[in-house]
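Have a look at the structure below before the remarks.
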Amino acid sequence: MTILVTGGAGFIGANFVLDWLAACDEPVINLDKLTYAGNPETLASLQGDARHQWVQGDIGDAALVSRLLVEHRPRAVVNFAAESHVDRSIHGPGEFIETNIVGTFNLLESVRGYWQALPKGEMDPRVCGDDKALTQTAFRFLHVSTDEVYGSLAKGDPAFAETHRYEPNSPYSASKAASDHLVRAWHHTYGLPVLTTNCSNNYGPYHFPEKLIPLMIVNALAGKPLPVYGDGMQIRDWLYVKDHCSAIRRVLEAGRLGEVYNVGGWNEKPNIEIVQTICKLLDEMRPKADGSYASQITYVTDRPGHDRRYAIDARKLEAELGWKPAETFESGIRKTVEWYLANPEWVAHVQSGAYREWVQKQYSAS
Ligand code: NAD
Ligand code: DAU
């Protein structure tokens, strides 16, 4: 058996692929457009590993996706591919509409065509490992989405449950909300066996340094300002990326068809507290001669339409599927700061753009 992962060169997708292949030998076809956010260097350790195959391409390219599906006969598609950065969506929403909405639509259509051509019936457990045993019943399409589709909470509001109304506020979250609706509709209308996960903010290794946590680490070390938007009291609910990956594996394995599972770590923190925690860890692990990194904190103009608070109620996933995060915020953020200190080359290549040259050399149109 094989799985097809989309967006597997990005932050969460790449962590998922690394964890997947560390845990089992089931091959991964990794379809990624390699936008600025796609960094194959993250998966350099898999070079030459026959269990991992790169394909540079777009989820919206129906001909390519259909060919890959027929050729590799995956038992599941896990869709990470997206434009993911809220600030970029404010400055240029077009790509978000194109990939997150139109791309997901095209992907669903390609997958539907493939799935409908599979034999009906149950997969025979005795012939597991034989791809001829793959049936419509065994196939899964797992769509990775976000808590941002639920909008913003006020202080004291209960955390987002799966039944919370969709109220997206940014071009990014609106595009992800639209994609979730398409996935839901393809299940209800065509019977496509889908699963959707809506996760809170992730952090951890290989996080592109345009997002809050890696940006603060990298800027602090470079002696640059640490830009905190507005009053810094916006709240996010943080989950270590490996815990998100384990949740996705669990939902893929045992989630009920057509269901949505919220994923979160019960770790609500105001942004300023996150930045102060990073400064304290750096003061401890890489002290600088002239005082604390906290002196670099700079309040800047707020993000337009900035959501005030996100909080995820993950009780359905915990109760139904027995998932639990392995990391607390304290252990996860320590590991994350340690990782960035130990991997200056990965960061330097992202900052210099060298990772793009690497893309050209290694993986141009495989
Ligand atoms: P990312 O921006 O780091 O990576 C996205 C990946 O998708 C990149 O490798 C990029 O090259 C690829 N991609 C973009 N457009 C594509 C296309 N048209 N075809 C194929 N590949 C394409 O994103 P991430 O932070 O890893 O997020 C992955 C998924 O998880 C997204 O769907 C995002 O909405 C969701 N999510 C992210 C978070 C978070 O905190 N980062 C939280 C919850 C959900
Ligand atoms: O909630 C899940 C979402 O989390 C994912 O769906 C998105 O893909 C992911 O990017 C993330 O969105 P956020 O907008 O919450 O993440 P970001 O790291 O951009 O910002 C986190 C918070 O920190 C947010 O309140 C804005 C603030 N911020 C961000 C940056 C980059 C700052 O104060 N300063 C900054 O420089």
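Every read-out reported here was derived from the displayed coordinates using simple, explicitly stated rules and does not represent laboratory data. Just so you know, these numbers come straight off a predicted model, no measurement behind them. As a convention, Cβ positions derive from the backbone with ideal geometry for all residues, glycine included, and neighbour counts pool all protein chains shown.
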Discussion item. Can you show me the helix-derived [θ] at 222 nm for the chain, built from DSSP H runs with n ≥ 4 at -39,500 (n - 2.57) apiece and divided by the number of residues, rounded to the nearest 500.
Written reply: -12000 deg cm²/dmol
Discussion item. With loop defined by DSSP as not H, G, I, E or B, and exposure as at most 16 other Cβ atoms within 10 Å, which is the longest segment of the chain clear of exposed chymotrypsin sites (Phe, Trp or Tyr not before Pro)?
Written reply: 167-366
Discussion item. Quick check: residue separation of Glu167 and Leu118 times 0.36 nm, minus the Cα distance between them. What number comes out in nm?
Written reply: 14.0 nm
Practice prompt. At 0.36 nm per residue, minus the direct Cα-Cα distance, what do Asn343 and Arg315 gain on full extension? Give it in nm, one decimal, please.
Written response: 6.6 nm
Fill in: For Lys288, residues with placed amide H under 5 Å, excluding near neighbours
none
Fill in: Separation of the Ile90 and Asp283 label points, Cα + 7 Å toward Cβ, nm
2.9 nm
Worksheet item: Reachable lysines from Lys176, Cα under 20 Å, same-chain residues fewer than 8 places away excluded?
Response: Lys33, Lys211
Item to complete: Give the order of Glu210, Glu345 when sorted by the count of other beta carbons within 10 angstrom, beginning with the fewest.
Response: Glu345, Glu210
Worksheet item: Using Cα atoms only, what is the angle between the long axis of helix 62-72 and the major principal axis of the chain, expressed in degrees (0 to 90) to the nearest 10?
Response: 70 degrees
Item to complete: Note down the nm distance, to one decimal, between modelled labels 7 Å out along Cα→Cβ at Val70 and at Asp25.
Response: 3.0 nm
Worksheet item: Where a Cα-Cα gap under 18 Å defines reach, which aspartates and glutamates qualify for Lys324, not counting those fewer than 8 residues away within the same chain?
Response: Asp19, Asp147, Glu162, Asp237, Asp243, Glu253, Glu268, Asp313
Worksheet entry | Added length on full extension, which subtracts the Cα-Cα distance from 0.36 nm per residue, His306 to Thr135 | 57.1 nm
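Based only on other Cβ atoms within 10 Å, what is the fewest-to-most ordering of Lys324, Lys335?
Lys324, Lys335
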Worksheet item: With axes computed from alpha carbons, what is the tilt in degrees of helix 354-363 against the longest principal axis of the chain, rounded to the nearest 10 within 0 to 90?
Response: 10 degrees
Discussion item. Counting other beta carbons within 10 Å of each residue's own, what order do Met216, Met1, Met233 fall into, fewest first?
Written reply: Met233, Met1, Met216
